[in-house]
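Step one of this worksheet: look at the structure below.
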Amino acid sequence: MQSFSQRLIAWQRLHGRHGLPWQNASAYHVWLSEIMLQQTRVATVIPYYQRFIASFPDVSALAAASEEQVLALWSGLGYYARGRNLRCAAQIIAERHAGEFPRAFEHLIELPGIGRSTAAAVCALAFHERRAILDGNVKRVLARYCGIKGWAGEKKVEEKFWQQAEALLPQHDVAIYTQALMDMGATVCTRSKPKCVLCPVQADCVALQTERTAELPTPRPKKAVPERSAVFLLLMHGSDILLEKRPGSGIWGGLWSLPQFDDEEAAQHWFAQSGMDARSGERLNTFTHTFTHFKLLITPLKVQLARKPLRVEQAGRIWMDAGEALGAAIPTPVRMILIKSVRPEPVEG
Ligand code: SF4
């Protein structure tokens, strides 16, 4: 029987994904796609990737961009630290490497947002270097094919995954092999109901032979996801809305959001102190936004103002037309609130 890697390479040539916009492209393109693909599906990533590349065709263009520009193009893709890290890494490349994308794994792994697997993916896909990768899809394939038990988030288990990933590496055709592993995880060895009949390594897959495809990979031990509540104040004057810049670090760092409070009382207190006059007010339906570590129950309070306050512009606060705001760097729940609830009303006063 052919080796694992030989079978994967042959399978990729016939059945793998070809023609993805970042395939056979430069290291910059591969890096960008790898960062965007973290926790995100290919179909979601493609339009973001294309818009990003159109605005920042190379690493120097990205290095020269403002955080605002980068986050506006990232808006909706989630995990915004990825966007901030990309720009920061591009600036380091511009300074330390004269805008030349580094080839050395050791230089890549020093850049913000690039871990061992991402650095290895860039080296393997762009420079055809013999490096093992270990993203979520690859962990799933290896857990099943090799029968690796245990949650990959544990150090000891992760080490086993790396050992297997290194041991299975081919001597040649590393770029195709790497793409094959990613494609297999995304299209055949899927999270639920893997298509084992189509799998090139079904003959010696441990999970299939021992009927454990549903058990492997071992999921993260269950922990209750804590819930938090927040009140978002949607202050409107006509179709203008008040936006606040979030602090640079933390959730939605650097994005434009709505003024946020722990509860309605705090929101009402703030509004009373602000000197603004409400023409009408409405509590919108509470909805849940799920983060990795907690759920946020968001209640939007929509207030139409009788007149625009005189003291409008303050550091970190702006009035923006709702239509324009939808194209700005705003978090997904704010986008949802705007889409659902903003109907322009006639301006008075
Ligand atoms: Fe995954 Fe099934 Fe292939 Fe095993 S045989 S690697 S479980 S698709």
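Key figures
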quantity: Test result for Leu181, part of a helix (DSSP H, G or I) and within 10 Å of the ligand (Cβ to nearest atom); calculated: no
quantity: Hits in segment 184-199 (condition: crowded, with 20+ Cβ neighbours inside 10 Å and more than 6 Å from the ligand (Cβ to nearest atom)); calculated: Met184, Gly185
quantity: Filter result for Arg212 (away from the ligand (no atom under 16 Å from the Cβ), among the basic types (Lys, Arg) and touching a residue at least 40 places away in the same chain (Cβ under 8 Å)); calculated: no
quantity: Flag for Glu211 being surrounded by 13 or more Cβ atoms within 10 Å (Cβ to Cβ), part of a loop (DSSP other than H, G, I, E, B) and modelled with pLDDT of 95 or more; calculated: no
quantity: Any hit, segment 240-262, residues being without any contact (Cβ under 8 Å) to a residue 40 or more places away in the chain, more than 24 Å from the chain's Cα centre (by Cα) and exposed (fewer than 11 other Cβ atoms within 10 Å of the Cβ); calculated: no
quantity: Which numbered condition Gly153 misses (of (1) in contact with a Cys (Cβ under 9 Å, 6 or more places away or on another chain); (2) among the small types (Gly, Ala, Ser); (3) modelled with pLDDT under 95); calculated: (1)
quantity: Test: residue in segment 13-32 that is in the same structural domain as Asn137 (by TED's automatic domain parsing), of a type in the set (S, T, N, Q) and buried (at least 18 other Cβ atoms within 10 Å of the Cβ); calculated: no
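Rundown of residues vs (1) under 22 Å from the mean Cα position of the chain (by Cα); (2) over 27 Å from Tyr145 (Cβ atoms); (3) assigned by TED's automatic domain parsing to the domain that holds His172, yes/no style:
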position: Ile35; (1), (2), (3): yes, no, yes
position: Ala43; (1), (2), (3): yes, no, yes
position: Asp58; (1), (2), (3): yes, yes, yes
position: Ala61; (1), (2), (3): yes, yes, yes
position: Leu77; (1), (2), (3): yes, yes, yes
position: Ala90; (1), (2), (3): yes, yes, yes
position: Pro102; (1), (2), (3): no, yes, yes
position: Phe105; (1), (2), (3): no, no, yes
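The values are calculated or read from the model by the stated rules, or taken from the named source; none is laboratory data. What you see is a predicted model; the values in this text were computed from it and never measured. We place every Cβ from the backbone using ideal geometry, glycine too, and count neighbours over all the protein chains shown.
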